[in-house]
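**Student:** Quick one: this structure, given as structure tokens, is what I'll be asking you about.
The values are calculated or read from the model by the stated rules, or taken from the named source; none is laboratory data. Model, not experiment: these values are computed from the prediction. No Cβ is skipped: glycine too gets one built from the backbone with ideal geometry, and neighbour counts run over all protein chains shown. Each accessible area value is taken on the protein alone, full model and side chains, heavy atoms only, with ligands, DNA and RNA left out. Shrake-Rupley method; radii C 1.70, N 1.55, O 1.52, S 1.80 Å.
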Amino acid sequence: INTAEINDDSNEYDTPDIDSTPGNGIEGEDDIDKEYVRVQYFDLSLLKWVSKVFITENGVTTEQDTGHTGLEQPEPVVKVDLDRKNLNNITVKFEYTIKITNEGQIAGYAKEISDYIPEGLEFMQEDNPNWTVSGDKIVTRELENTLLQPGETAEVKVILTWKNDPDNMGVKINIAEISEDYNDKGAHDIDSTPNNQVEGEDDIDDAPVALSIKTGQNRIYFTLIGIVLI
């Protein structure tokens, strides 16, 4: 709301204005007026979850769909139990889905998405043609030309591989973040800042997995992260 008012006036006869007083801020007088504008806001959010697990044992690959959507609170842990006797012949890969949603009123782009790989998992270029290594993280610009209108969503995938080692067990938390955004209004995201790695903003999210050794058949479990961490 923008307001303008005459603060001071004068005339050769030094007579007061007949129907208003300068500088008194009283609405309804004819020396004051208001204009109203509505400012739209820009807001991209990110959700990340483990969507699939691939276990290859003795050259045979099995695929498990987790059924997760990224909306679970708290984030479930995807737990994989491995057979110690056959550990050298096992490969485990986790497919993560990253979903960008335009929750604002201005169309815009998630120009770049960054992923921070946890200790114990590794990036394989052949599994991720749309991702590249950039310093201590990996990045993708797969959506840089995808204009998201208010309410629209877009998804990208990334696959990380477990480093096969009997000592490489426990919870691995993978984090993704919007590291560059853009809109033609020049508006900043209303509730988050790209590439600042601040937990709690809605442009960053994590997804946990856990590995353990168990005698017998490989198994995948889904448990609450709070229980596992406790």
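**Student:** Which percentage, to the nearest 5, of the DSSP beta bridges contained in the chain is antiparallel?
**Tutor:** Taking every DSSP beta bridge with both residues in the chain, the antiparallel ones total about 90 percent.
**Student:** Also, quick follow-up: Give me P(r) over the chain, computed from all C-alpha to C-alpha distances, binned every 10 Å, as integer percentages.
**Tutor:** Spelled out bin by bin, the chain gives 7, 26, 24, 14, 8, 6, 6, 4, 3, 1, 0 percent.
**Student:** Place the peptides 177-189, 50-62 in order of packing, highest mean first, counting for every residue the other Cβ atoms within 10 Å and averaging per peptide.
**Tutor:** Descending mean neighbour count gives 177-189, 50-62.
**Student:** Okay, next question. Report the relative contact order of the chain, percent, no decimals, based on alpha-carbon pairs under 8 angstrom and at least 6 residues apart.
**Tutor:** It comes to 27 percent, rounded to a whole number.
**Student:** Within the set LYS137/LYS163; LYS79/LYS163; LYS99/LYS172; LYS157/LYS185, which residue pairs have Cα atoms separated by over 26 Å?
**Tutor:** Numbers: LYS137/LYS163 17 Å; LYS79/LYS163 15 Å; LYS99/LYS172 20 Å; LYS157/LYS185 29 Å.
Beyond 26 Å between Cα atoms: LYS157/LYS185.
**Student:** How large is Rg/Rh for the stretch 1-136, to two decimals, with Cα atoms and a Kirkwood Rh?
**Tutor:** 1.46
**Student:** Output ³J(HN,Hα) for the stretch 125-130: one whole-Hz value per residue in order, computed from phi by the Karplus curve 6.51 cos²θ - 1.76 cosθ + 1.60 with θ = phi - 60°, and x for Gly and Pro.
**Tutor:** Values, residue by residue: 4, 5, 8, 9, x, 9 Hz.
**Student:** Still on this model: Give the carbon-plus-sulfur fraction of the accessible surface of the stretch 90-216 in %, rounded to a whole number; probe 1.4 Å, heavy atoms of protein chains only.
**Tutor:** 44 percent
**Student:** Let me ask something else. May I ask you to compute the full-extension gain from VAL39 to ASP136, defined as 0.36 nm times their residue separation minus their alpha-carbon distance, rounded to one decimal in nm? Walk me through the numbers on the way to the answer.
**Tutor:** Numbers: separation 97, 0.36 × 97 = 34.92 nm, distance 3.78 nm.
Answer, rounded to one decimal: 31.1 nm.
**Student:** Quick one: if you stick a label point 7 Å off each Cα along the C-beta vector at TYR182 and THR153, how many nm between them?
**Tutor:** My value for the distance between the label points is 2.5 nm.
**Student:** Excluding residues on the same chain fewer than 8 positions from LYS85, give the aspartates and glutamates whose Cα lies under 20 Å from its Cα.
**Tutor:** GLU57, ASP165, ASP167
**Student:** Would you please put 12-22, 68-78, 83-93, 97-107 in order of how densely packed they are, using the mean number of other Cβ atoms within 10 angstrom per residue and starting with the highest?
**Tutor:** 97-107, 68-78, 83-93, 12-22
**Student:** Still on this model: Keeping every protein chain present and rolling a 1.4 Å probe, give me the accessible area per residue for the chain in Å².
**Tutor:** Heavy-atom accessible area per residue stands at 57 Å².
**Student:** For ASP165 and THR56 in one chain, what is 0.36 nm times their gap in residues minus the Cα-Cα distance, to one decimal in nm?
**Tutor:** Separation in residues times 0.36 nm, less the Cα-Cα distance, equals 37.7 nm.
**Student:** Note down the nm distance, to one decimal, between modelled labels 7 Å out along Cα→Cβ at ASN195 and at ASN11.
**Tutor:** 6.1 nm
**Student:** Please work out how much length the chain gains when fully extended from GLU119 to ASN145, using 0.36 nm per residue of separation minus the C-alpha to C-alpha distance, in nm with one decimal.
**Tutor:** Once the chain is fully extended between GLU119 and ASN145, it gains 6.2 nm.
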